[in-house]
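See below for the structure under consideration.
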Amino acid sequence: MPRRFPSLYQTFGSGSTTPSRRADVQLTGADGRLEEWKDGDDDIKSEYGSEISKDDADVTTYLIGADDGLGEPEVRRRENLHRFDPKARWTWREERALVRKIDLKIMLWTCLMFCALEMDRANIRQAVTDNLLPELGLDHNDYNLGNSLFSLSFLLAEVPSQLVSKRLGPDRWIPIQMVLWSAVASSQFTLSGRAGFLISRILLGVLQGGFIPTVVLYLSYFYKSHELSIRLGFFWTAMVFADIFAALSAFALLHLRGFMGFSGWRWLFGVEGLITLGFGLLAFGLMPAGPTQTASWFRGEKGWFTPREETIMVNRVIRDDPSKGGMHNREPLTLKLLRKSLCDFDLWPLYLLGVMSNIPFSTPNIYLTLSLKDLGFTTFQTNLLVIPSQILHVLNMIILTYLSEAISQLSLVAVIPQIWSIPFLLWLRFADTSEVSKWTTWLVMSIFLGNPYGAGGIIAANIYRQDDAPAYHRGNSVLLTVVGLNITLYLSTKMYYTMRNRYRDRIWDRMSEGERFEYLAMTHDSGNKRLDFRFAS
């Protein structure tokens with residue numbers, strides 16, 4: 001995961017790469033009293049951005065806005081930057097209270113929106129337990145095709161969706177997306193054949209594509225980089241809670257089979273689609289455009305944050321990453337920037353891992369409900385029996401997220417799920433599931449899928465085939481091969497980024513203090529091409 005290191009004010013507070021030692025200062029606390037912070041507390045001040053030197057302010061201001069030739073710095077035309085103040089300072093107590101408030105006002109709602117997305121894209125797994133496939137004249141291969149078309153559409157829509165989002169703003173585009181896909185999701189109530197099934201999967205993929213990266217961009221307006229990484233762990237955890245809720249709601253909604261003459265899976269699609277519609281309509285009022293744009297008729301005339309809190313929000317984020325000072329939530333992306341990102345070879349290992357890493361888990365997860373039905377569990381037992389694996393998944397995801405932050409070894413932590421999967425895939429490949437208890441098979445599958453994987457995948461949807469059912473020995477052999485490849489990819493990625501960081505360390509260490517300062521102030525390098533950028537591996 002890329003990150004900038006070290007931060008600007010840490011680098012040049014005293015001409016070194018460690019926090020500078022400054023004179024004693026007095027800061028006003030949240031209770032209005034003066035707090036005296038001694039010289040030994042500078043690490044805390046530097047980490048939380050409570051003080052910034054004149055040199056730091058000059059360079060930061062240069063990075064986030066230069067004179068545009070009209071006599072007015074560009075920063076004055078950027079939203080949120082009327083709160084930018086290089087001399088602003090605040091206490092640790094104020095910042096912690098503010099972050100908790102952001103968690104409640106911003107993070108919680110984004111997690112709920114993600115739950116809505118997951119519910120509409122994953123409830124197909126519950127629907128197939130209620131005879132959706134035979135009633136539509138479909139087989140397992142048609143099911144695979146539908147999942148593949150969804151994943152492909154989701155992927156192809158990522159970039160166009162983000163282009164629209166950058167033009168309109170995430171606060172406008174995300175609610176529009178939710179309303180549009182909820183219309184498609186609820187219309188699955190009327191499905192009547194193979195063509196309708198495939199078209200609905202394509203439309204859902206197109207309309208949901210780009211939602212996740214757009215939300216991550218939106219959250220970056222409010223959080224510092226290290227805060228965001230932890231919160232993204234909880235963001236992905238929300239997906240699992242959605243799966244648990246989907247299983248419980250399916251247990252209830254599928255009991256409606258026969259009500260008004262309709263199948264249970266039709267009620268499942270229709271009701272859950274209408275729930276998402278409600279979330280989409282609420283999103284128009286619950287998503288402010290940015291930290292200083294929370295006032296509205298829905299959120300109140302004064303907004304969610306005080307002027308003091310807005311100042312802290314803006315300055316803490318910009319000091320963590322000065323390049324965010326140039327962000328504009330209504331600024332369109334250009335083809336030049338898109339081409340530049342696609343040609344960035346330093347990101348290619350991440351793209352490859354994004355394609356391959358989830359395959360060993362996505363395939364069994366897609367087929368979990370069908371597999372449990374084949375073992376002899378009833379429709380309602382099946383939908384309840386998927387819940388334990390989801391709970392275990394949540395716990396493991398949280399543990400690995402904190403572990404990765406604690407030891408700062410992202411690649412080594414990320415490879416743990418691949419190693420986890422090996423004994424379970426070996427059992428599924430060589431065990432005769434027809435000769436063992438169905439509860440034993442369920443237990444193995446639950447522990448296996450309790451692994452913190454990410455869902456989805458075009459390739460994953462086509463590994464279990466109709467002619468390989470129900471044991472899928474061939475498919476499990478393929479998954480074991482993919483696991484071996486993924487372990488190699490993770491270790492190779494770590495080696496690559498470690499070498500890239502060492503190369504930049506050698507260049508940086510040879511530079512004098514003045515050369516470093518001049519580089520940061522004058523360089524045209526950007527993003528991960530900067531000499532002060534380090535890859536977290």
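The values are calculated or read from the model by the stated rules, or taken from the named source; none is laboratory data. Keep in mind that what you see is a predicted model, and the values were worked out from it rather than measured. Methodologically, a virtual Cβ is constructed for each residue, glycine included, from the backbone with ideal geometry; neighbour enumeration extends over all protein chains shown. SASA here: full protein model, heavy atoms, side chains in, ligands and nucleic acids out. Shrake-Rupley method; radii C 1.70, N 1.55, O 1.52, S 1.80 Å.
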Open item on the list: Scan the range 449-471 and tell me whether some residue there is closer than 20 Å to residue 362 by Cβ and in contact with a Lys or Arg (Cβ under 7 Å, 6 or more places away or on another chain).
Closed with: yes
Open item on the list: Restricting to the range 499-535, count the residues that are over 12 Å from residue 346 (Cα atoms) and assigned to a helix (DSSP H, G or I).
Closed with: 19
TODO: Quickly run through the range 153-191 and pick out the residues that are closer than 14 Å to residue 213 by Cβ, open to solvent by less than 20 Å² (accessible area, probe 1.4 Å) and not hydrophobic (A, V, I, L, M, F, W, C).
DONE: 161, 165, 170, 177
TODO: Go through the range 368-423 and tell me which helices (runs of 4 or more DSSP H), entirely inside it, have 3 or more residues that are open to solvent by 60 Å² or more (accessible area, probe 1.4 Å) and out of contact with any helix residue (DSSP H, G or I) (no Cβ under 8 Å at 6 or more places or on another chain).
DONE: 387-407
Task: Every residue from the range 250-269 that is in a helix (DSSP H, G or I) and either surrounded by 19 or more Cβ atoms within 10 Å (Cβ to Cβ) or touching a Lys or Arg at 6+ places or on another chain (Cβ under 8 Å) (or both) - done: 250, 253, 254, 264, 265, 266, 267, 268, 269
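Looking at the range 221-230, can you tell me whether even one residue there is without any contact (Cβ under 8 Å) to a residue 60 or more places away in the chain, of a type in the set (Gly, Ala, Ser) and out of contact with any Lys or Arg (no Cβ under 7 Å at 6 or more places or on another chain)? Spell out how you get there, then give the answer.
Here is the first cut: in the range 221-230, the residues without any contact (Cβ under 8 Å) to a residue 60 or more places away in the chain are 228.
So of that shortlist, the ones also of a type in the set (Gly, Ala, Ser) come out as none.
No, that holds for no residue.
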TODO: State which residue is nearest to residue 383 (Cα to Cα) when the search covers only the range 428-448 and only residues that are open to solvent by 20 Å² or more (accessible area, probe 1.4 Å) and among the aromatic types (Phe, Trp, Tyr).
DONE: 442
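Test residue 329 against the criterion of being of a type outside the set (Gly, Ala, Ser), at pLDDT below 85 and in a helix (DSSP H, G or I), and give yes or no.
Details: of a type outside the set (Gly, Ala, Ser): yes; at pLDDT below 85: yes; in a helix (DSSP H, G or I): no.
Criteria not met by residue 329.
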- [ ] Would you check which residues across the range 489-516 are surrounded by 12 or more Cβ atoms within 10 Å (Cβ to Cβ) and β-branched (Val, Ile, Thr) and list them?
- [x] 493, 498
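Among the listed residues 285, 278, identify the single one that is farther than 30 Å from residue 127 by Cβ and open to solvent by less than 40 Å² (accessible area, probe 1.4 Å).
On the way: 278 fails: farther than 30 Å from residue 127 by Cβ.
The conditions single out 285.
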Task: Verdict on residue 138 being touching a residue at least 24 places away in the same chain (Cβ under 8 Å) and in a loop (DSSP other than H, G, I, E, B) - done: yes
Open item on the list: Quick check on residue 171: is it among the acidic types (Asp, Glu), outside any loop (DSSP other than H, G, I, E, B) and more than 27 Å from residue 393 (Cα to Cα)?
Closed with: yes
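From 408, 404, 437, which residue is among the polar types (S, T, N, Q) and touching a Leu at 6+ places or on another chain (Cβ under 6 Å)? Give the derivation first.
Numbers: 408 fails: touching a Leu at 6+ places or on another chain (Cβ under 6 Å); 437 fails: touching a Leu at 6+ places or on another chain (Cβ under 6 Å).
On inspection, the qualifying residue turns out to be 404.
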Task: Qualifying residue in the range 199-218 (condition: open to solvent by less than 20 Å² (accessible area, probe 1.4 Å), in contact with a helix residue (DSSP H, G or I) (Cβ under 7 Å, 6 or more places away or on another chain), under 17 Å from residue 317 (Cα atoms) and among the hydroxyl-bearing types (Ser, Thr, Tyr)) - done: yes
